[in-house]
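The values are calculated or read from the model by the stated rules, or taken from the named source; none is laboratory data. What you see is a predicted model; the values in this text were computed from it and never measured. When we count neighbours, we look across all protein chains shown, and the Cβ atoms used for this are built from the backbone with ideal geometry, even at glycine.
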Amino acid sequence: MVKQTIQIFARVKPPVRKQQQGIYSIDEDEKLTSSLEIILPRDLADGFVNNKRESYNFKFQRIFDQDANQETIFENIAKPVAESVLAGYNGTIFAYGQTGSGKTFTITGGAERYSDRGIIPRTLSYIFEQLQKDSSKIYTTHISYLEIYNECGYDLLDPRHEASSLEDLPKVTILEDPEQNIHLRNLSLHQATTEEEALNLLFLGDTNRMIAETPMNQASTRSHCIFTIHLSSKEPGSATVRHAKLHLVDLAGSERVAKTGVGGQLLTEAKYINLSLHYLEQVIIALSEKHRSHIPYRNSMMTSVLRDSLGGNCMTTMIATLSLEKRNIDESISTCRFAQRVALIKNEAVLNEEIDPRLMIIRLQKEIQELKDELAIVTGERRTEALTEAELLQLEKLITSFLEDQDPESRLEVGADMRKIHHCFHHLKKLLNEKKILGNSIVSSESKDQDCQEPLKEEEYKKLRDILKQRDNEISILSEKMRNFPSTGMRGEMSLGRQEAFEIFKRDHADSITIDDNKQILKQRFSEAKALGESINEARRKIGKQMPLWISENMAVPSMPDLQEERLRSQLEEEKRRYKTMFTRLKALKVEIEHLQLLMDKAKVKLQKEFEAWWAEEASNLQVKPPAVNSLNHMKPFPQTSESQHDQSQFLFNKSGQVPQIPSPQCECQDLGVGSDMYARKILPSPCPSPRSQEQSRTSTPLGNSTPERPVSSVPLTGDSQTDSDILAFIKARQNILQKKCNNSSTQKVRGFHFYS
Ligand code: ADP
Ligand code: MG
């Protein structure tokens, strides 16, 4: 890559008349940069230049004065560019200046003398000379000649040009590809194999331009001409081609609308006559300013065509043509100012290399042929394009036997024939794809089977879930019963005295031992059932967790590793087994508990009945023989006595007399009091006993409705029959107990009997 600013040169045209020559001087410093000083004549300075500055200085790469001949210009300006083009870089030389300043003379040359040949013929001559000299490369040269007039492009080499006016010709248009490369449609490219052919093309184009020019259409001053040499080069045998373009540009006159004598108007404010040049200046300004992201190339055809030349992949040179006659001083100053801006533009020229696909094909074809020949020599047989039917059949047989061979070391031997090897791979791929399709159908049928099985599994799961639910219910019933075990409030319904009497009766009853024992067993069974219930719940929870997991994994990942599946399955099975065992035990417990409950119920009813009988009897006895506190000893003892030291026996009984499904051993006999009260009401005195009624009650039956006779007692009574009855029952029970305590020799035997019976 060659980074370079646009090179600017100045060429001063000899004046038509010596006396009209303006004052200027050219200096060359140590660094070989030239500076041009233009002295503005006083009369002019007073006129249009406001700042009254008399001297203007401009730096150029080099300034060629009036006496510089065409040869010098070519040697110093064009030749270096031509050399770059020959090396493969793009190049541009453009002449900029007012009309008559010598642009055409510099680019094309004078029409009269051979020595006045300009840059184009000299460059063509030089290039063809170089091409002839260089036999290491193959060069191809094409010429195009474009005229841009009034923003329209015309092909100056169009064969129909001679017969038409400029406007009638097909217009050259710009096309931009996705890579933003510019292509010119309708611009013909003419191959020139020799300098002569190329020069003929130049003259053809110039002639066409001249013909098209009319007084109304001063093409020569208002149009731009771009003569382009397209040079391609490649080394023999290589597919890499280098392309380079050299634009030799003769621009339209740069003169502006504002002319000399317009007082107070700055030079910079003057407008170009030619719009294309205005846009060219816009592009130059944009390019010369740093950090400008948008360059308005598209604004005009000329800037579009010269896009690469301005700030792009090109080595560009500008020649500022100056006519330093007094009347042209202002335009010359403008031209120099423009050149100073252009000098700031940096270009990056790169080698334009590309691989020619046609050349590549030719090279590869050649290589293939060589390899084929080589192979034929090695194998001793010349291979045709395709395998024969017999060969294909043979290969397929080989593949089949290879695939069927169980030996892991078996090989598929087809020989060193790439066609056969490729065919084997294709065939294997085909088989594999077929198997895939088949496999998919198998998988889908398997999944169908699974679908069939899945409802079963789901059903099984549902069944298990239902069982679990049922068991849960049972467990919760058990738990509920457990919770209700310590009940309260029973005693509130029985009068305290009667209650205490019942407690004593119950305690001393022989059956109380059985009841106690049963209660203890029941307690144990209940705790066992409770623990079992918890274990069952745990097992159920585990199953509930594992089951969906197992099902989902079986459904979602049929190819789940067997190990993991097996583990899950066995865990599930284990939990199910545990659950079953525990449930069987719980069921047995339930039966046992129910049985115990029934036994207790029975004992309870019996006790109840006996107590009531005793209570009634005692009440009647009290009525018959008014008891004295100390005479209670003769009272009939409890039907069956027991030396029970625990007086905590409690019974289960409900109002309706029904036995609960699962009894609670700790349950207090809530309803016993009701029953007792019912009896009590029958036997106890009326709430408000009068002395007379008390008298009457002495003769009445114990269970009769008559008010019992007021007992003769040292114990102070309340007058309330029920309370008094309770007090008496209490006294009696206490005495009875005291008596029993003194004489209880047989109770141990009774208890032992009951316990073991
Ligand atoms: P432009 O193309 O800029 O309008 P031309 O190249 O046509 O100007 O030049 C105008 C006239 O000046 C022509 O007749 C040309 O021969 C002559 N001329 C221009 N430059 C020189 C020069 N350096 N030496 C001699 N004659 C010149
Ligand atoms: Mg000209």
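Tabulated results
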read-out: Of residues in region 88-110 being within 60 Å of the chain's Cα centre (by Cα) and not small (Gly, Ala, Ser), the one farthest from ligand 2 (Cβ to nearest atom); value: 89
read-out: Region 272-312: number of residues that are assigned to a loop (DSSP other than H, G, I, E, B) and closer than 14 Å to residue 252 by Cβ; value: 4
read-out: Selection count, region 74-107, where residues are within 8 Å of ligand 1 (Cβ to nearest atom), touching a Lys or Arg at 6+ places or on another chain (Cβ under 7 Å) and farther than 20 Å from residue 310 by Cα; value: 3
read-out: Residues of region 401-429 satisfying the condition of being assigned to a helix (DSSP H, G or I), within 25 Å of residue 383 (Cα to Cα) and without any contact (Cβ under 8 Å) to a residue 24 or more places away in the chain; value: 418, 421, 422, 425, 426, 429
read-out: Close pairs (6 angstrom Cβ cut-off, 6 or more residues apart or separate chains): near ligand 1 (Cβ under 10 Å from one of its atoms) in region 1-21, among the hydrophobic types (A, V, I, L, M, F, W, C) anywhere; value: 11/64; 11/319; 12/322; 12/324
read-out: Candidate set from region 135-157 (those that are out of contact with any Leu (no Cβ under 6 Å at 6 or more places or on another chain) and charged (D, E, K, R)); member that is modelled with the highest pLDDT; value: 137
read-out: Residues within region 25-40 that are under 26 Å from residue 119 (Cα atoms) and modelled with pLDDT of 85 or more, tallied; value: 6
read-out: Per-region count, region 108-119, residues in a helix (DSSP H, G or I) and near ligand 1 (Cβ under 8 Å from one of its atoms); value: 1
read-out: Selection status of residue 171, among the basic types (Lys, Arg) and either away from ligand 1 (no atom under 14 Å from the Cβ) or under 30 Å from residue 238 (Cβ atoms) (or both); value: yes
read-out: Scan of region 2-20 for residues that are out of contact with any Asp or Glu (no Cβ under 6 Å at 6 or more places or on another chain) and farther than 20 Å from residue 72 by Cα, ordered by number; value: 2, 4, 5, 16, 17, 18, 19
read-out: Checking residue 381 against (1) more than 56 Å from the chain's Cα centre (by Cα); (2) free of Cβ contacts under 8 Å to residues at least 24 places away in the same chain; (3) not in a loop (DSSP other than H, G, I, E, B), the condition it does not meet; value: (3)
read-out: Single condition residue 104 does not satisfy, out of (1) in a helix (DSSP H, G or I); (2) over 23 Å from residue 315 (Cα atoms); (3) in contact (Cβ under 8 Å) with a residue 60 or more places away in the chain; value: (2)
read-out: Residue, farthest from ligand 2 (Cβ to nearest atom), within region 1-34, restricted to residues that are among the basic types (Lys, Arg) and not in a strand (DSSP E or B); value: 31
read-out: In region 1-20, the residues that are polar (S, T, N, Q) and at pLDDT 80 or above; value: 4, 5, 7
read-out: Cβ-Cβ under 8 Å pairs, at least 6 apart or on other chains, region 273-297 side in contact (Cβ under 8 Å) with a residue 60 or more places away in the chain, far side among the acidic types (Asp, Glu); value: 275/151; 276/151
read-out: Residue list for region 64-73, filter: within 11 Å of ligand 1 (Cβ to nearest atom) and in contact with a Ser or Thr (Cβ under 9 Å, 6 or more places away or on another chain); value: 64, 69, 70, 73
read-out: Selection within region 111-149 - within 16 Å of ligand 2 (Cβ to nearest atom) and touching a Ser or Thr at 6+ places or on another chain (Cβ under 9 Å); value: 117, 118, 119, 120, 121, 145, 146, 147, 148, 149
